[in-house]
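What follows is calculated from the coordinates using simple rules that are stated; it is not laboratory data. Owing to the predicted nature of the structure, the values given are computational and were not obtained by experimental measurement. Heads up, the Cβs are rebuilt from the backbone with ideal geometry, glycines too, and the neighbour counts pull from every protein chain shown.
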């Protein structure tokens with residue numbers, strides 16, 4: 001069974017600074033996807049960034065980037081130039097799919113606090 | 001349209017009531033999911049429908065009854081719930097197949113059982 005571990009229950013950052021959220025996972029599969037989801041108080045789960053395991057290049061989306069270390073099974077999220085709107089719960093998730101559907105395994109989440 | 005729409009947004013029900021949660025998507029996705037999320041916890045998978053057929057039931061109590069009437073609609077029928085069933089219920093959908101399997105989530109229904 002796949003597991004996802006987020007060891008930081010809460011992180012704090014000041015506006016305009018950079019913060020890194022950690023995530024490790026365990027799987028015996030070679031092809032899979034990894035995601036970071038953001039869930040603000042509005043409770044909508046918003047996809048921040050995704051990484052395909054077969055791609056060596058780290059994914060980047062504007063101020064968000066990942067450090068994907070496949071051998072170490074590590075998938076950290078870096079947020080640059082943090083903004084107040086980045087404050088939310090962040091979930092790391094592992095996805096494995098088949099021809100009919102896919103299932104997400106979530107970490108326990110990291111609450112990100114952003115101060116002015 | 002990349003939206004998953006859930007209704008109602010909030011629901012308060014008694015333990016003897018029967019109610020239903022509704023989820024709709026028009027992205028052509030053939031896989032739809034129900035998740036339950038307690039406060040400050042990750043979502044927990046309850047049910048998976050693939051091509052309108054129930055593919056996964058994660059040992060969910062029978063007081064939760066899912067239904068997929070067509071490829072765009074997913075319902076969750078609730079009956080004789082307990083206070084511990086109070087939670088945020090999230091619906092999600094994804095395209096079938098292994099490629100491009102990003103899951104799109106609705107805003108959820110906040111359920112309170114009294």
| query | What residue among B:71, B:93, B:59 shows peak mean-square fluctuation when chain B is described by a Gaussian network model with Cα springs under 10 Å? | reply | B:59
| query | According to a simple spin-label model (label point 7 Å from Cα along Cα-to-Cβ), what is the distance in nm between residue B:41 and residue B:56? | reply | 1.7
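Using only alpha carbon pairs under 8 Å that are at least six residues apart, calculate the relative contact order of the range B:1-100 and give it in whole percent.
Values: 200 pairs, mean separation 35.3, N = 100.
35 percent.
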| What order do you get for A:27, A:5 when you list them from fewest to most C-beta neighbours inside 10 Å? | A:5, A:27
| query | With each pseudo-label sitting 7 Å past Cα toward Cβ, what's the residue B:63-residue B:18 distance in nm, one decimal? | reply | 1.6
| Relative to the present Cα-Cα distance, how much length would full extension add between residue A:56 and residue A:83 at 0.36 nm per residue of separation? | 6.9 nm
| task | Between residue A:63 and residue B:10, with labels modelled 7 Å along Cα→Cβ, what's the label distance in nm to one decimal, could you check? | result | 3.0
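Hey, what did chain A get for relative contact order, percent, Cα under 8 Å, at least 6 apart?
On the way: 281 pairs, mean separation 42.7, N = 116.
It rounds to 37 percent for chain A.
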| message | For the range A:58-113 and the range B:31-58, what is the centre-to-centre distance using only Cα atoms, to the nearest Å? | response | 20
| Theoretical FRET efficiency, 1/(1+(r/R0)^6), r = Cβ-Cβ of residue B:80 and residue A:15, R0 41 Å, to 0.05 | 0.25
| remark: Between residue A:115 and residue A:74, the FRET efficiency computed from the C-beta separation at R0 = 30 Å comes out, to the nearest 0.05, as 0.65
